[in-house]
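See below for the structure under consideration.
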Amino acid sequence: MSFASLTFFLFLPLVFGLHWAGRGRRWQNAVLLAASYAFYAWWDWRFCILMLGSSLIDYAAGARLAERSSGAFRRAVLIAALGGNLAILGFFKYFDFFVESVLIAAATAGFDLSGPGLRVILPVGVSFYTFQTMSYTIDVYRGRFAPQRNLLDYLAFVSFFPQLVAGPIERAAKLLPQFRQARVFDGAEATGGCRFILWGLGKKLVLADNLAPIVNAAYGSAATASPAQLALATFCFAFQIYCDFSAYSDIAVGVARLFGIRLSRNFATPCFARSASDFWRRWHISLSSWFRDYVYIPLGGSRGAPSRTARNLLVTALISGLWHGAAWHFVAWGAFHGLWLVAGHAWRGWRPSDRAASGTRAGVVGSGPAGALTPFVLGRMCRTFALVCAGWVLFRAESLGDAGRVYAALATGWLELSAWRELAGLIVANGPLLALVAVFVITEWRTRFRWNPLAIEDFPVAARWAVYSALFWMVLVLGSRRGAEFIYFQF
């Protein structure tokens, strides 16, 4: 069930009414649990069993970790729980990928190992809820969080439908306590939630889904597309994936607030990042912080020799790339960002003053850069955006071969004046849509210290409602009618 579907906007009021019909915690959590499993069953009810099994593995592990203080026993429980989660994730997400890779390697060596494949179906959202339950067990093991005794509260925490299939990936210490107490309806919170929903629908339907045809046409025929088509498509994909994924997070945050639950911020104006590390502090924050806390730091983080730090950065980035998709071009995308992070870390080590120059506004997590938009700041933003776009080629391409063809076309296709004329013609032809992208970027910059650009309570009432109404009608009139799924559903 997609947030951008009519079905969801029939489903949501029903759940909202049932949730607030009772005042007790048990009733509210039972309604959310039933609604969450119904929401997930809309894709395939069989995968509800998988989600329940994954949830129970970590629930049982948390309970056992509280029973004994023996270090060996606790390590065994942790390893068993993580092994069970990774086995589920590995089979459903990576089995076909590894089998295909082995077959290709064998064929290259002259051996024919082909046979009937399983063609395992990827359960939607499996990477997200698996990481959420794994972090619960790890935090219980580390003594940072007491194990949850109430099974109803725990299952509601794992399956909470607004953030179930595409995040944000929440930590138990933040989200579980909100399920341990009865929630009281707050009109201001619900109003703020509606603003998040409206802003998210605008980004998804008006921008992301209308940019998609430009991207799909070029990358769907990477071998024959012109350099101008590929250049425009790559630029558009940077905004398509940002608007698509951040829209899901915004809607998730907004829907959660309708039920009195606060989710974490997942994006903080990544278009204005000024380095690789700054980009990852702003992009998919819940995932990048997950890898930082559960992979990078346990590997040693930035402690020790620079070579060890470089290794830790690269390993973490490679795992992140593989998390995004079971294909070698995702691994290459992770390697691209890993090498970029290593280079940035080495540069800051050589020029410590560069660290201060890349800082963000003090006290605002993930906020935009403070101060004026100087030529120096703008240059760093443009450089970072260009490198991010270069990486998106690997992410969006269907294969490493297609990515190579795109890079070759972009690197060598500008010697003829006709290529520049074609690019100018494409920009003019798509002028209205690109103008909306420009308006979006300006809006994000002007509101970069706000989580939601529609949080404009300081505006006069008439102006405030004029903004809301304008965006609402843009969604209705300009919004795509294709009903495309959110991009990150495939991860």
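The values are calculated or read from the model by the stated rules, or taken from the named source; none is laboratory data. Since we're looking at a predicted model, the values are computed, not measured. Every residue, glycine among them, receives a Cβ derived from its backbone with ideal geometry; neighbour counts consider all protein chains shown. Quick note on the areas: whole protein, heavy atoms, side chains included, nothing else; ligands and nucleic acids left out. Shrake-Rupley method; radii C 1.70, N 1.55, O 1.52, S 1.80 Å.
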Exercise. Can you find a residue in region 18-29 that is buried (at least 16 other Cβ atoms within 10 Å of the Cβ), over 20 Å from Ala173 (Cα atoms) and of a type in the set (Phe, Trp, Tyr)?
Worked result: yes
Exercise. Looking at region 252-265, is at least one residue at pLDDT below 95, open to solvent by 10 Å² or more (accessible area, probe 1.4 Å) and touching a Gly at 6+ places or on another chain (Cβ under 6 Å)?
Worked result: no
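Using the structure shown, decide if Trp323 is of a type outside the set (Val, Ile, Thr), open to solvent by less than 10 Å² (accessible area, probe 1.4 Å) and either assigned to a helix (DSSP H, G or I) or touching a residue at least 12 places away in the same chain (Cβ under 8 Å) (or both).
Considered against the rule, which asks whether it is of a type outside the set (Val, Ile, Thr), open to solvent by less than 10 Å² (accessible area, probe 1.4 Å) and either assigned to a helix (DSSP H, G or I) or touching a residue at least 12 places away in the same chain (Cβ under 8 Å) (or both), Trp323 comes out as yes.
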For this session: Could you tell me whether any residue of region 100-123 is within 19 Å of the chain's Cα centre (by Cα), at pLDDT below 85 and under 21 Å from Trp328 (Cα atoms)?
Result: yes
Exercise. Cβ-Cβ below 8 Å, separation at least six or inter-chain, first residue in region 258-270 and more than 21 Å from Gln132 (Cβ to Cβ) and assigned to a loop (DSSP other than H, G, I, E, B), second open to solvent by 20 Å² or more (accessible area, probe 1.4 Å) and modelled with pLDDT under 95: which pairs?
Worked result: Thr269/Trp445; Thr269/Arg448
For this session: Hey, can you tell me all the residues within region 299-316 that are touching a helix residue (DSSP H, G or I) at 6+ places or on another chain (Cβ under 9 Å) and either in a helix (DSSP H, G or I) or modelled with pLDDT of 95 or more (or both)?
Result: Leu299, Pro306, Arg308, Thr309, Ala310, Arg311, Asn312, Leu313, Leu314, Val315, Thr316
For this session: Collect the residues in region 120-138 that are surrounded by fewer than 24 Cβ atoms within 10 Å (Cβ to Cβ) and aromatic (Phe, Trp, Tyr), keeping them in residue-number order.
Result: Phe128, Phe131
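To keep it simple, each residue is scored yes or no on (1) over 20 Å from Ala146 (Cβ atoms); (2) modelled with pLDDT under 90; (3) touching a strand residue (DSSP E or B) at 6+ places or on another chain (Cβ under 7 Å).
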| site | (1), (2), (3) |
| --- | --- |
| Leu6 | yes, yes, no |
| Gln28 | yes, no, no |
| Val31 | yes, no, no |
| Tyr37 | yes, no, no |
| Ser54 | yes, no, no |
| Glu67 | no, yes, no |
Exercise. If we only count helices (runs of 4 or more DSSP H) wholly inside region 1-78, which ones have 1 or more residues that are over 30 Å from Arg481 (Cβ atoms) and of a type in the set (D, E, K, R)?
Worked result: 25-41, 46-67
Seminar exercise, completed: Given the conditions (1) within 24 Å of Leu164 (Cα to Cα); (2) open to solvent by 40 Å² or more (accessible area, probe 1.4 Å); (3) free of Cβ contacts under 8 Å to residues at least 24 places away in the same chain; (4) not aromatic (Phe, Trp, Tyr), every one holds for Gly83 apart from (2)
Problem set entry | Test result for Trp340, aromatic (Phe, Trp, Tyr), at pLDDT 90 or above and closer than 30 Å to Val99 by Cβ | no
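Per-residue answers, yes or no, for (1) over 21 Å from Glu457 (Cβ atoms); (2) under 17 Å from the mean Cα position of the chain (by Cα); (3) open to solvent by 10 Å² or more (accessible area, probe 1.4 Å):
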site	(1), (2), (3)
Ile214	yes, no, yes
Ala218	yes, no, no
Leu230	yes, no, no
Ala233	yes, no, no
Cys271	yes, yes, yes
Problem set entry | Single unsatisfied condition, Leu423 versus (1) over 27 Å from the mean Cα position of the chain (by Cα); (2) without any contact (Cβ under 8 Å) to a residue 60 or more places away in the chain | (2)
Seminar exercise, completed: All-but-one check, Asp244 against (1) assigned to a helix (DSSP H, G or I); (2) within 16 Å of Trp451 (Cβ to Cβ); (3) in contact with a Lys or Arg (Cβ under 8 Å, 6 or more places away or on another chain), failing number (2)
Problem set entry | From Ala172, Ala276, residue being at pLDDT below 95, closer than 30 Å to Leu410 by Cα and crowded, with 21+ Cβ neighbours inside 10 Å | Ala276
Problem set entry | Any hit, region 359-381, residues being modelled with pLDDT of 90 or more, under 25 Å from the mean Cα position of the chain (by Cα) and within 28 Å of Pro227 (Cα to Cα) | yes
